[in-house]
Amino acid sequence: MATIRQEINILDITVAAFPAGGTSNERVQLDTTRYGITATYYFEAVAKGVSAKTVALNRVSAGTNDATITTDTSNVNKRYRSTAFTPPAGQTEYNIEDVSGGTSIIAARIIII
């Protein structure tokens with residue numbers, strides 16, 4: 001059986017040096033009614049930090065983070081994927097939050113499998 005992968009791109013330009021807790025202006029909407037009941041959701045980002053930095057998938061309406069990734073200390077761009085998360089049912093608007101501040105983020109997306 002084939003696996004279907006859907007990406008919802010949030011950010012595809014380099015954003016550097018958000019203040020701690022700063023959020024991106026880019027917003028996307030995830031509508032869980034468009035995917036099967038067995039869908040699995042991940043947050044993925046390409047980022048780097050000179051120390052361990054945390055980047056989150058921020059639920060705009062609630063101001064809460066549904067998924068996070070933490071960079072390593074190599075200061076090299078790498079792809080990071082969160083553990084699976086469960087979004088609220090229906091339509092949810094997301095943006096990116098630089099929890100730690102000072103992270104360089106090149107790309108961010110929601111992955112649906």
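Please treat every number below as a calculation from the coordinates, not as lab data. Everything numeric in this text was worked out from a predicted model, so none of it was measured. Here the Cβ is made from the backbone with ideal geometry for all residues, glycine too, and neighbour counts use every protein chain on show.
Each residue of region 43-55 was assigned a 3J(HN,Hα) from its phi angle through the Karplus expression (A = 6.51, B = -1.76, C = 1.60, θ = phi - 60°), giving 9, 10, 9, 9, 7, 8, x, 6, 9, 4, 10, 10, 10 Hz with x at Gly and Pro.
Note on the chain: Cα-Cα pairs beyond 17 Å make up 49% of the total pair count. Can you give the FRET efficiency to the nearest 0.05 for residue 75 and residue 34, using r as the Cβ-Cβ distance and R₀ = 25 Å? Working from the Cβ atoms, E equals 0.10. If only the Cβ of Lys and Arg carry +1 and only the Cβ of Asp and Glu carry -1, the dipole of the chain around its Cα centre is close to 220 debye. The chymotrypsin sites (Phe, Trp or Tyr not before Pro) of region 9-88 that DSSP puts in a loop, and whose beta carbon has at most 16 other beta carbons within 10 Å, are 35.
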